Structures are given as structure tokens and as C-alpha cells.
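Worksheet: one structure, shown below.
The values are calculated or read from the model by the stated rules, or taken from the named source; none is laboratory data. As the structure is a computational prediction, the values presented were derived from the model and not from experiment. Note that each Cβ is placed from the backbone with ideal geometry, even for glycine, and that neighbours are counted across all protein chains shown.
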Amino acid sequence: MRPSGRKLDEMRAVSIETGVMKHAEGSCLIKVGNTHVLCSATVEDRPPSFLKNTGLGWVTAEYGMLPRATHSRNRREAAQGKQGGRTVEIQRLIGRSLRAGVDRSALGERQITIDCDVIQADGGTRCAAITGGWIALRLAVDTLLKARVISSDPIIGHVAAVSCGYYAGQPVLDLDYDEDSAAGVDGNFIMLGDGRLIEVQMSGEGTVFSRGDLDQMLGLAEKGVAELVAAQRSVL
């Protein structure tokens, strides 16, 4: 039995509210159960220096967690003078994942930065950030298309992410904190809307896992991502 009472293949409730930030070119608040992430997109009409005169655009991301997003207060990283390793790893993952869904030549020489700020954390924050970050990116690109800044749509597909793992010896979809903190195996699956994989992060936290275990988790992830993509479509 899962702590939440959900079925093994049951997602938490997902809601996405768009247009939550007045000044951002695209924004949304995504809630996956008790994990809430604010995502916004900023368009700059110049690429990073390493892409100058290449004709290619760039999508990058920044990730942060409010001090009381968790059970106890975390010090602001700005107060510590540097980002933690976990933060850097997650924001790089978000950027890689979103770029996989973009034709950078169609975007042109500009940069879109996706800011993902965790308001409340209950497991799966990076997956929620990727799923909500794609919404913010999509809305920002729509702004560019409407203004005729770009002539063709650079978005090649939906991007969404979900966690899967083994909890109490059983494969489960969309781990919350209680499950994640006690999982024997923990993984994150990032996919395009058509089911193609962008990235898989898997680790045996308390036990090893077999190819069959991985296949079971992949099957759950495909189901979860399909539901997340449906949620994305419903708000656009």
C-alpha cells in the first residue's frame, strides 16, 4: 500500500495555471500533488556568446527552492554566495530536456531562459519543473510567433517528465516525498510527447534492479508522461 493510498500506476493530481506572471513572455504554476513550481520564460534577442553568428538559438534554465518549500528552512543559496551541486545539476537537466524539444535554427539567434522556482516540495520537483517549464517555453514561443519575430514554430514536440521507482518492493509511478525518501530504486524519465526518450536518470538507492524492473518502470513512465502531455494540451 502506498502512503497516499494511490494505485501503483496512479499519478498525483496535476493542475496547470498559465499567465501567472504579468511581465514574463510565458509563465505557469504547475501543481503535482503537493509539489508546486512557478515557471517563467524570458526572451532575449541575443544568444550566448558561444553561439554568436551561428544562426542558432538557445534554451537554458535556472532552478531554485524557496527557504520553506521543505519541512525545515533551507538557507537561500544567494546568502551562501554559491549554488549547491544539486541545484546546478537540476537546472542543467531542465535546460537539456527543453532544448531537446526545440529546433534551434528556427528559434534564431536569441535565448530563452526558463526560471523554475519551487514554492512547495513533496517529491518530483525536477520533473514538475521540466513539465511546467515546457508550458512557459511554449507560451513564450507563441508570443514570438504572434509578433512575427520568428516565421516558423521551433517547438518540435511536447516535453514532460515523471519519476518512477520501487517502493516497498513494488514499482510505482510519480513518487511523493514519503516514497522517494524510502525508495529502493529511484528514477526520472524525460520524454517527448510521442514517447521518445530524452533522458533517464536511474539509481539503486537501497537495492539493485534488473532489466525487467527497468522495463516495468519505463512502462509506468510512458503512462505518466502521456497523462502530463494531456494536461499540457488542455491548458494551451
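Observations
- Restricting the range 14-29 to residues that are in contact (Cβ under 8 Å) with a residue 40 or more places away in the chain and among the β-branched types (Val, Ile, Thr), the residue that is farthest from residue 179 (Cα to Cα): 18
- Residue in the range 2-10 that is among the charged types (D, E, K, R) and over 29 Å from residue 227 (Cβ atoms) present: no
- Of residues in the range 220-236 being of a type in the set (Gly, Ala, Ser) and more than 22 Å from residue 182 (Cβ to Cβ), the one farthest from the chain's Cα centre (by Cα): 234
- Pair list, Cβ under 8 Å, 6 or more apart: the range 133-146 residue buried (at least 21 other Cβ atoms within 10 Å of the Cβ), other residue polar (S, T, N, Q) and not in a helix (DSSP H, G or I): 135/18; 136/27; 136/40; 139/18; 139/27; 140/42
- Long-range neighbours under 8 Å by Cβ, at least six apart or interchain, first residue within 17 Å of residue 115 (Cβ to Cβ) and at pLDDT below 90 within the range 59-88, second exposed (fewer than 15 other Cβ atoms within 10 Å of the Cβ) and small (Gly, Ala, Ser): 77/84
- Residue match in the range 72-91 (condition: buried (at least 22 other Cβ atoms within 10 Å of the Cβ) and closer than 18 Å to residue 236 by Cα): no
- Filtering 37, 102, 32 for residues that are in contact with a Lys or Arg (Cβ under 7 Å, 6 or more places away or on another chain), in contact (Cβ under 8 Å) with a residue 24 or more places away in the chain and within 24 Å of residue 140 (Cβ to Cβ) leaves a single hit, 32.
- If the condition is being touching a Leu at 6+ places or on another chain (Cβ under 8 Å) and assigned to a helix (DSSP H, G or I), then the range 196-236 contributes 220, 221, 223, 224.
- Test: residue in the range 36-57 that is of a type in the set (A, V, I, L, M, F, W, C), crowded, with 16+ Cβ neighbours inside 10 Å, over 24 Å from residue 15 (Cβ atoms) and in contact with a Pro (Cβ under 8 Å, 6 or more places away or on another chain): yes
- Flag for residue 133 being more than 30 Å from residue 4 (Cβ to Cβ), part of a helix (DSSP H, G or I) and at pLDDT 95 or above: no
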